[in-house]
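**Q** Could you have a look at this structure, given as structure tokens, before my questions?
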Amino acid sequence: MPNLKDRLREGLEFLSPSNVGKYIQESQIYRSIFRVGVPDSDRKRMLVMLGSVFLHLHPVKVRKSGIRMRYTWCMGGITFFLFLVLTFTGLLLMFYYRPTLEYAYVDIIDLREQVPLGIMREIHRWGAHAMVISVWLHMYRVFMTGSYKPPREFNWNVGVILLVLTLLLSFTGYLLPWDQLAIWAITVGSGMARATPFLGHEGPGAALLTLGDIPLVSNTSDARFALLGGRFVGEAALLRFYVLHCVGLPLVAGFLMAIHFWRIRRDGGISGPV
Amino acid sequence: MEFIKDFINFLSDPKILIVLASALLFVSLRYPHKFYTDRAAAIVFSGMALFLVLSMFDADFRLIVSKPDNVPIVGMLFLVPFFTWFSMREAVRNDKRLADGKPLTEQEETAEKVLTWPDLVYTELICMVVLTVVLIGWSLLLPAPIEEPANPSASPNPSKAPWYFLGLQEMLVYFDPWLAGVVFPSLIIVGLMAIPYIDTNPKGNGYYTLKERKWEISVFLFGFLVLWILLVILGTFLRGPNWSFFGPYEYWDLHKLEALVNVNLSEYIWVKALGMGLPGNPLIREIFGFIAILAYFLAIPAVLAKTSFKRFYNTLGAARYHTMVFLLLAMASLPIKMVLRWLFNLKYIVGIPEYFFNI
Ligand code: HEM
Ligand code: HEM
């Protein structure tokens, strides 16, 4: 009959971190999730890159010059990470936020005062600002290394559209808190659309588009009206911006990012001198 | 102290700021090995940091810089010059290596392939962790702004667009909304997308260099640094009520008046030069403006093709050449109009307000 001390020692040995780690890694559950196991050999390090949905965004091997922070400033990756953070925090905000004139503003106040760990709004807002800056810097880097040159012309163009989408996402999100800052910034910004040539009621050429005496482009049928769903920034605009911000634009942006990343691989990985 | 503040206020005037920044950019591109050194960077960035810290003692400065939404732009004020310096320093180094017949910095490592796990995956992981910590720290320290509930009948003064559009709002000083708010933004997008198809220079693909791409880089940097980033900064920090200019240490006085009487080109010519009245027919009235605009967009490309841009015309071919020159002229129209405004108070080159057609 082993005494208590020996049993205790056995138990403790069994519970030591390395043993528990090994036990977990050998369990059927773990092996079913991570097929390769711990990447402790070069072979496994390659297999792990091929086996995971997330990691297979990257190739198995990369050119050493391409992974230098000095070269890419990590800006594309930072932009992507910020997009993921925004999607996650945006989703949490959607639990609380209702896009109506009655609730929008009070919901934003409640986000700070009632909701536990109430910094989701902060992370979302500062993340959005940071993403605008990082996408500008990413474009700056790609220009300075001449990485838009063949064969990467098309991916530069995908990038330009992503830049526009980032600005639109930020613009549509700006309205949602429904305070003075929000509606007047959107009023100024969307006011430009009334001056669209031919399509805005205060744009050059719009006066030419008439059907007999009836003007075709008026303040209830022009580009700005289409954008806001009204003659001013009101309830319809809030709903429109909300739907675009939370569903439409993120979907399009996510889709284009998939193309962007795919093309980086197809174009021969991160650029470098030949 | 007051003297220094007044001097900085004076330097921040859009005219002076834009001219100085452009001059600095072009001189630095002329002598990159003098400007983009470690020492220059140490001096410039510690100078900027000192300026920011000392200026915080000024109440008006503190008010505008510490507005929550402006904090990221203060960050940008450092990040953009930093990366400009950084990429130019790499370029200068590479240019020197090329001149010495040595391989580029990047080239030393292009042949070598490394395993993505761990070399890249770990860098990314660290980057994400750092960024998460920064975001959380920032969010704990600085609450997101929320003002009074929306009130459609009380418009604040100044009413500003979101900060990244303030460059466009700044253009409204010089151009009407149909140009500043619609045509130019579209041309910026088109212009950016056109870059890879216009720039046929095969050199400088995949590494930092200045010598091999001097022309492209100069144009892009002028557009990006001066006409984009600087205008955003100007619109954020230096434009107050009624979109008047306010120096960084100036109180945002609602009643600051800028007595400016801007004059149209048509009035300059018909009334002041020819001593006649303005013709009633707008097309005749604006005839000189139309001629100027047509000459600008049609004659200049043709003349340049035969003279200083001959090499572009020959290497690019007609289609690329004309796209490039049109985009360049469109881009140049902003600084040109700025200068005309500053020197002659010129309002419109073509002004037909009856049809909202003002240029
Ligand atoms: C690239 C991505 C995004 C950008 C640049 C962005 C930007 C913004 C901005 C600037 C605001 C105003 C924040 C504030 O005033 O506090 C906002 C609000 C909001 N966003 Fe986003 N956003 C992005 C993605 C998303 C996504 C993917 C979702 C949802 C799935 C989302 C949901 C929301 C909600 C519900 C609000 C209102 C709450 C609030 O204003 O704090 N966002 N967004
Ligand atoms: C939401 C926006 C964007 C995301 C998430 C994104 C993401 C990325 C990532 C992760 C890379 C890998 C290399 C790096 O990090 O630098 C990359 C490369 C690239 N991006 Fe983007 N990008 C975005 C916007 C843009 C924009 C605005 C442009 C240009 C106007 C652009 C053009 C390119 C090009 C040409 C490459 C290939 C660079 C090379 O091979 O060296 N992207 N992008």
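**Q** Taking A:Asp40, is it without any contact (Cβ under 8 Å) to a residue 24 or more places away in the chain, within 30 Å of A:Gln180 (Cβ to Cβ) and either assigned to a loop (DSSP other than H, G, I, E, B) or more than 7 Å from every other protein chain (Cβ to nearest Cβ) (or both)?
**A** Numbers: without any contact (Cβ under 8 Å) to a residue 24 or more places away in the chain: yes; within 30 Å of A:Gln180 (Cβ to Cβ): no; either assigned to a loop (DSSP other than H, G, I, E, B) or more than 7 Å from every other protein chain (Cβ to nearest Cβ) (or both): yes.
No.
**Q** Right, here's the next one. For the condition open to solvent by less than 30 Å² (accessible area, probe 1.4 Å), of a type in the set (Gly, Ala, Ser) and within 7 Å of another protein chain (Cβ to nearest Cβ), what is the one hit in A:Gly127, A:Gly90?
**A** Matching residue, one of A:Gly127, A:Gly90: A:Gly127.
**Q** Out of B:Arg341, B:Arg320, I need the residue that is within 28 Å of A:Pro204 (Cβ to Cβ) and touching a Phe, Trp or Tyr at 6+ places or on another chain (Cβ under 8 Å). Which one?
**A** Unique residue meeting the criteria: B:Arg341.
**Q** Something else about it: Restricting attention to helices (runs of 4 or more DSSP H) lying wholly within segment B:1-104, give those where 3 or more residues are closer than 28 Å to B:Arg239 by Cα.
**A** Because the criterion is at least 3 residues that are closer than 28 Å to B:Arg239 by Cα, the helices (runs of 4 or more DSSP H) in segment B:1-104 that meet it are B:2-11, B:14-30, B:38-55, B:59-65, B:71-99.
Yes or no, residue by residue, for (1) free of Cβ contacts under 8 Å to residues at least 60 places away in the same chain; (2) over 22 Å from B:Leu131 (Cβ atoms); (3) more than 16 Å from ligand 2 (Cβ to nearest atom):
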site: A:Leu91; (1), (2), (3): yes, no, yes
site: A:Met94; (1), (2), (3): no, yes, yes
site: A:Arg98; (1), (2), (3): yes, yes, yes
site: A:Tyr103; (1), (2), (3): yes, yes, yes
site: A:Glu113; (1), (2), (3): yes, yes, yes
site: A:Gly118; (1), (2), (3): yes, no, yes
site: A:Val132; (1), (2), (3): yes, no, no
site: A:Gly146; (1), (2), (3): no, yes, no
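**Q** Further, regarding this structure: Since A:Gly21 meets every condition but one in (1) open to solvent by less than 30 Å² (accessible area, probe 1.4 Å); (2) under 25 Å from B:Glu106 (Cα atoms); (3) not acidic (Asp, Glu), which condition does it not meet?
**A** For A:Gly21, the exception is condition (2).
**Q** Scan segment B:191-210 and give yes if some residue there is within 7 Å of chain A (Cβ to nearest Cβ), closer than 27 Å to A:Leu175 by Cβ, open to solvent by 40 Å² or more (accessible area, probe 1.4 Å) and free of Cβ contacts under 8 Å to residues at least 12 places away in the same chain, otherwise no.
**A** Within segment B:191-210, none of the residues are within 7 Å of chain A (Cβ to nearest Cβ), closer than 27 Å to A:Leu175 by Cβ, open to solvent by 40 Å² or more (accessible area, probe 1.4 Å) and free of Cβ contacts under 8 Å to residues at least 12 places away in the same chain.
**Q** Which one of B:Leu115, B:Leu104, B:Leu135 is facing another protein chain (nearest Cβ under 8 Å) and over 24 Å from A:Gly268 (Cα atoms)?
**A** That would be B:Leu135, the only listed residue that is facing another protein chain (nearest Cβ under 8 Å) and over 24 Å from A:Gly268 (Cα atoms).
**Q** Follow-up. Looking at this structure, is A:Ser18 touching a residue at least 40 places away in the same chain (Cβ under 8 Å) and over 21 Å from A:Met257 (Cβ atoms)?
**A** In short, no.
**Q** So which of B:Tyr164, B:Tyr174 is part of a loop (DSSP other than H, G, I, E, B), at pLDDT 90 or above and either touching a Leu at 6+ places or on another chain (Cβ under 6 Å) or assigned by TED's automatic domain parsing to the domain that holds B:Tyr208 (or both)?
**A** Result: B:Tyr174 is the single residue among B:Tyr164, B:Tyr174 that is part of a loop (DSSP other than H, G, I, E, B), at pLDDT 90 or above and either touching a Leu at 6+ places or on another chain (Cβ under 6 Å) or assigned by TED's automatic domain parsing to the domain that holds B:Tyr208 (or both).
**Q** Residue pairs, Cβ under 7 Å, 6 or more apart or interchain, first in segment B:59-76 and under 11 Å from B:Trp252 (Cβ atoms), second assigned to a loop (DSSP other than H, G, I, E, B) and open to solvent by 50 Å² or more (accessible area, probe 1.4 Å). List them.
**A** These pairs meet every condition: B:Asp60/B:Glu250; B:Asp60/B:Tyr251.
**Q** Restricting attention to segment B:173-189, which residues are in contact (Cβ under 8 Å) with a residue 40 or more places away in the chain and facing another protein chain (nearest Cβ under 9 Å)?
**A** B:Asp176, B:Trp178, B:Leu179
**Q** Mind listing whichever residues of segment A:84-130 are more than 24 Å from A:Ala236 (Cα to Cα), touching a helix residue (DSSP H, G or I) at 6+ places or on another chain (Cβ under 8 Å) and more than 10 Å from ligand 1 (Cβ to nearest atom)?
**A** Across segment A:84-130, the qualifying residues are A:Val115, A:Gly118, A:Ile119.
**Q** In addition: One residue is enough: does segment A:230-248 have a residue meeting the conditions within 12 Å of chain B (Cβ to nearest Cβ), part of a loop (DSSP other than H, G, I, E, B), modelled with pLDDT under 90 and within 16 Å of ligand 2 (Cβ to nearest atom)?
**A** The answer is no, given that none of the residues of segment A:230-248 is within 12 Å of chain B (Cβ to nearest Cβ), part of a loop (DSSP other than H, G, I, E, B), modelled with pLDDT under 90 and within 16 Å of ligand 2 (Cβ to nearest atom).
**Q** Here's a check for you: in segment A:161-176, which residue that is within 8 Å of chain B (Cβ to nearest Cβ) and buried (at least 20 other Cβ atoms within 10 Å of the Cβ) is farthest from ligand 2 (Cβ to nearest atom)?
**A** A:Tyr174
**Q** While we're here: Out of all the residues in segment B:301-314, which are under 29 Å from the mean Cα position of the chain (by Cα) and either of a type outside the set (A, V, I, L, M) or outside any helix (DSSP H, G or I) (or both)?
**A** Passing the criteria: B:Pro301, B:Thr307, B:Ser308, B:Phe309, B:Lys310, B:Arg311, B:Phe312, B:Tyr313.
The values are calculated or read from the model by the stated rules, or taken from the named source; none is laboratory data. Just so we're clear, the structure is a prediction, and the values are computed from it rather than from any experiment. Please note: Cβ atoms are built from the backbone with ideal geometry, for glycine as well, and neighbour counts cover all protein chains shown. These accessible areas exclude ligands, DNA and RNA; they are computed on the full protein's heavy atoms, side chains included. Shrake-Rupley method; radii C 1.70, N 1.55, O 1.52, S 1.80 Å.
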